[in-house]
Structure formats: C-alpha cells, structure tokens
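Take a look at the structure set out below.
No lab work stands behind these numbers, since they all come straight from the coordinates. The shown structure was predicted, so the numbers you read here are calculated from the model rather than taken from an experiment. Neighbour counts run over all protein chains shown; Cβ positions are idealised from the backbone, glycine included.
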Amino acid sequence: MSNYRPTIGLEIHAELKTHTKMFCDSLNDPDEKHPNVNVCPVCLSHPGTLPTINKQAVEHVIKVGLALGGKINPVSKFDRKNYFYPDLPKGYQISQYDQPLVLSGELNGVRIRRIHLEEDTGTLIHDEKTYSSLVDFNRAGVPLMELVTEPDVKSADETIAFAKELQLILRYLGVSDADMEKGQMRIEANVSINMGTKTELKNINSFRFAREAIEYEIKRQKEALEKGGEIEQETRGWDENKKRTVSQRTKEEAHDYRYFPEPDLPPFETSVFGFENLKISIPELPKEKRTRLASEYSLNEKQVGVLVEDMALAEYFEEAVSELKALSAKADPKAILNYLTSDLMGLINAEKLVFADLKIEPEHLAHLVFLIESGKIGSRQAKDILAKMFETGLDPEEILTSEGLHTISDEAELIKVVQEVIKENPSAVADYKKGKTASLQFLVGQAMAKLKGRGNPEVLAKIFEKNL
C-alpha cells in the first residue's frame with residue numbers, strides 16, 4: 001500500500017456576509033429561525049422577476065482573491081447551472097462557469113484554480129415521523145463563494161490545515177463568519193489515488209467530519225485497488241453514525257449541467273469595483289500577524305496561535321500590553337496573556353458568554369497586572385479582584401479600596417498570625433528546625449490562608465525565619 005499516493009483537490013463554499021441576498025433585496029440573515037421569512041418573488045423565482053447583482057458580494061470575493069495573491073478576471077459573467085432539486089426554486093442555479101471573478105492564487109502551498117460567486121440553495125428539513133420533507137427558502141439566493149484548488153493536497157491533515165487557514169482569512173477580511181456549525185462554510189474533497197478516478201466527498205460541515213471522511217475514503221480506495229477493483233467516479237457523503245462514506249449519485253460532468261450565459265445579467269468589467277481601495281481595506285492577515293506577534297512580544301508558537309485564532313482577542317491583548325507599558329518599563333506581555341487566556345477566558349466560558357460580552361477594559365486588565373507586579377496585591381487577591389472586575393467592569397483600584405483587599409506588609413499586623421501558625425503546627429516547626437526548608441513554605445501558606453491571601457509572602461517568610 002505504500003505505493004499508493006492520495007491526491008486531493010478541494011472545493012470550499014462560504015456564505016458571504018451581506019445585508020441582502022445575491023440577486024434580490026431579501027435579508028441575508030443566517031440566524032433567522034422562522035422558515036420562509038426572508039423571501040421575495042425574485043429568490044422564489046416567480047415568473048417575470050429579474051435578478052440584480054449584489055455589489056458587496058462581488059467586492060467580498062475580489063478581496064479574497066487579492067488576499068490570496070490571485071488574478072482578478074478583467075471581465076466576468078454569470079451563468080446558469082441547470083439541475084433540478086427541491087430546494088432550488090428556479091430549476092437552475094445562477095453561478096459562474098468559464099469567467100470566474102478570480103483566477104489562481106495560493107494558500108499554505110496549495111495552488112488555487114479559481115474563486116467564483118453563486119447563489120446558495122434553500123434548506124430541506126426532513127421529518128422522520130411523517131416521512132415528509134419541507135423546504136425553507138430563507139437561505140435560497142444567499143451569496144455563496146466557491147474556492148477551487150488544484151489537486152495539491154496529499155492528506156486529511158493538509159486539508160484541515162488549509163480549510164482552517166481559509167476560515168481565518170475570511171473572518172479577518174470580514175467577508176464571512178464561516179461558521180461550519182451553521183453551514184456557512186462547507187468542505188468538498190475530490191479524493192483519488194495516484195491521480196486516478198476521483199470521488200467527491202460532498203457538503204461536509206465540520207473539520208472533524210472532513211478529516212474522518214477523507215481518511216476513510218483514502219483507505220477504501222487503497223483497499224479496493226489492492227484487490228484489483230476499480231474506483232467509480234461518484235459523489236459520496238459521510239455517514240457519521242456508521243463512520244463511513246456512502247454513495248449518493250454518479251458524479252456529473254460539466255456538460256451535464258448544460259451551462260450557458262445568464263441572459264438576465266450582462267458580463268461586467270471588474271475594474272469598476274476599485275481594486276486599490278479594496279487592497280487598502282485588507283487588514284493584517286493571519287500569517288503576517290503570527291510572525292509579528294512572535295517577534296514583538298517574544299511569544300511561542302502556541303501562544304501566538306491562541307491570539308491569531310480570534311482577532312478581537314489579539315486586539316485586546318495588544319491594547320492591554322500597550323497600557324501596561326505606559327504604567328511600567330518592566331512590563332511583561334506574557335503576564336497579560338496568562339491572565340487573559342486562562343483566568344479571564346475561564347470566567348467567560350463558565351458563564352457561557354462570548355469574548356464580545358466582556359466588561360473589563362484592556363487598561364483595567366493592565367492595571368491589575370501592574371498591581372501584581374508592583375507587589376501591591378498577591379495572586380490570590382488578583383483572582384478575587386478579577387472576578388469582581390468581570391462582574392462589574394470596575395477598575396481594580398476601585399475594587400481594591402472598596403473591598404479592603406490591599407496586601408498586608410506591616411510586620412506588626414503579620415506577627416500575630418505568624419505566632420498562631422507556629423503554635424498550631426508543631427510538627428512543621430520541628431521539621432524546619434531539622435533543616436527541611438520546604439516546611440517554611442508550608443507555614444507561609446498556612447499564614448496566607450488565615451489572611452485570605454492578603455499577606456505579603458516575602459515579609460511573612462522573613463518573620464517566620466526570625467521567630468523560628
């Protein structure tokens with residue numbers, strides 16, 4: 001089996017973030033829960049209606065093309081892709097065939113063949129109790145970007161890496177939320193062995209399913225060839241329950257769709273969309289951000305990865321670090337990162353919130369870290385204060401004052417507690433006197449517990465040493 005080399009080409013669909021649908025003014029709202037609300041005569045294909053191109057959707061695809069180093073087609077057009085399915089109201093789909101918006105490009109070492117624009121279909125809802133299917137046309141006509149790669153991908157791992165990076169880029173550009181759970185991004189993989197007959201894995205809406213489906217399909221094809229069998233060109237789906245790919249239909253060729261130019265939409269010159277302005281609007285992309293964050297803040301690959309995954313988190317981190325540097329010349333960006341990604345995200349997850357719900361301003365988190373680094377509060381107090389900040393959004397200094405949580409460093413206040421701890425822990429005292437220095441940390445810990453974390457551990461250690 002070592003002589004069998006997988007070859008994978010990807011087709012990735014992403015629903016675009018626009019106010020209205022692709023060819024009409026019905027709302028493009030992926031969160032609408034009521035069926036057939038965001039519909040109109042155009043997207044339902046009533047007789048006599050005419051489509052109008054959504055300018056923003058075209059701009060979104062051009063931005064993606066520019067971000068991926070693609071060539072923007074000087075002249076583009078729409079075509080009719082003819083096939084019948086219950087969730088396709090027209091009986092055809094307005095798509096692009098021989099003149100897509102974007103040609104070429106590259107991502108993660110994978111060549112991009114084309115990026116084109118089309119309209120999405122409706123949604124079929126199957127009722128197993130009544131053995132019936134219902135159609136929700138809210139999604140029908142939503143702008144859908146399709147990116148097609150060359151067959152450069154060699155494994156399921158490479159597929160997932162490519163798809164995740166594309167998802168990030170779409171989010172950074174603001175053109176799509178690319179939420180796979182909501183069906184806003186779907187992966188299709190054309191899998192073959194040694195560039196032989198391919199099978200298309202269709203409409204996979206999670207990275208885990210994509211990985212499992214591709215790995216299974218590679219194994220299935222290898223085993224079939226080992227036994228002298230042949231691979232049939234077909235479309236297959238992923239059965240999550242049985243953990244296998246299943247045949248859906250014989251794969252269509254382009255001529256099966258009877259493509260022809262959309263008669264209601266003339267060809268158009270893409271230069272009218274202003275490439276220079278679109279280029280200027282492209283933000284720092286994930287690859288460049290990884291390099292800069294690692295260099296500027298001395299972060300490792302894992303730390304950088306956490307920040308780059310979420311634009312809002314990275315922006316918050318950089319603002320907080322900037323505020324901390326204004327407070328202290330010895331500012332440590334990693335201290336901000338630790339509190340942000342562990343304690344703060346822990347509170348957010350515990351309350352089942354999202355990062356956008358956070359009440360704490362970046363400068364307040366910076367102030368908290370400054371109080372810790374300057375010795376005004378200890379780590380235990382910091383956790384208590386952070387919890388109050390999370391609840392109220394107040395500055396840590398306000399909470400520190402109102403709650404009386406300042407660190408106690410005065411020896412006169414601490415010595416009473418030290419003497420109590422010595423009296424209550426004779427065995428630890430004896431161990432310390434025998435040379436077991438670890439007992440000192442135990443005694444300091446006992447004192448900190450009595451002081452509810454407000455004691456200065458360094459001062460406490462010195463007092464214990466004097467009294468022992």
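Brief remarks follow.
- Gain in span if fully extended, Ser342 to Glu398, counting 0.36 nm per residue against the direct Cα distance: 17.8 nm
- Point-to-point label distance, Asp29-Thr52, nm (Cα→Cβ direction, 7 Å offset): 2.0 nm
- Stretch gain in nm, segment Glu181-Leu124, where the contour uses 0.36 nm per residue and the Cα spacing is subtracted: 18.9 nm
- Cβ crowding within 10 Å averaged over residues, with 117-128, 233-244, 6-17 ranked highest first: 6-17, 117-128, 233-244
- Contact order relative to length of the chain, as percent, for alpha carbon pairs under 8 angstrom and 6 or more apart: 13 percent
- Against the chain, whose longest principal axis comes from its Cα atoms, helix 207-226 is set at around 60 degrees.
- Within a straight-line Cα-Cα reach of under 20 Å, Lys81 can be paired with the following lysines, leaving aside sequence neighbours fewer than 8 residues apart in one chain: Lys21, Lys90, Lys202, Lys251.
- Between 0 and 90 degrees, the angle of helix 362-373 with respect to the longest Cα principal axis of the chain falls at about 30 degrees.
- Oblate is the label for the range 283-389. Its Cα gyration tensor axes, ordered a ≥ b ≥ c, give a/c of at least 1.5 and b/c at or above a/b.
- Read-out Rg and Dmax of the Cα atoms in Å, derived from the coordinates shown; its label in (1) 23.5, 84; (2) 30.1, 97; (3) 24.7, 81: (2)
- Coupling constants for the range 184-192 follow from the phi torsions by the Karplus curve (6.51 cos²θ - 1.76 cosθ + 1.60, θ = phi - 60°), and in residue order they are 7, 9, 10, 10, 10, 10, 8, 10, 9 Hz; glycine and proline get x.
- Relative packing of peptides 172-178, 292-298, 74-80 - highest average C-beta neighbours within 10 Å first: 172-178, 74-80, 292-298
- Degrees between helix 457-467 axis and first principal axis of the chain (Cα, 0 to 90, nearest 10): 30 degrees
- For the chain, the mean residue ellipticity at 222 nm estimated from helices alone is -12000 deg cm²/dmol, where every DSSP H run of n ≥ 4 contributes -39500 (n - 2.57) and the total is divided by all residues, rounded to the nearest 500.
- For a label point 7 Å along the Cα-to-beta-carbon line of Ser281, residues of the range 51-95 with backbone N under 14 Å: 54-67
- Shape call, the range 6-280: gyration tensor on alpha carbons, a/c limit 1.5: oblate
- Modelled FRET efficiency - R0 56 Å, Glu363 with His255, Cβ distances, 0.05 increments: 0.35
- P(r) of the range 63-177 over all Cα-Cα pairs, binned every 5 Å from zero, in whole percent: 2, 10, 16, 18, 16, 15, 12, 6, 3, 1, 0
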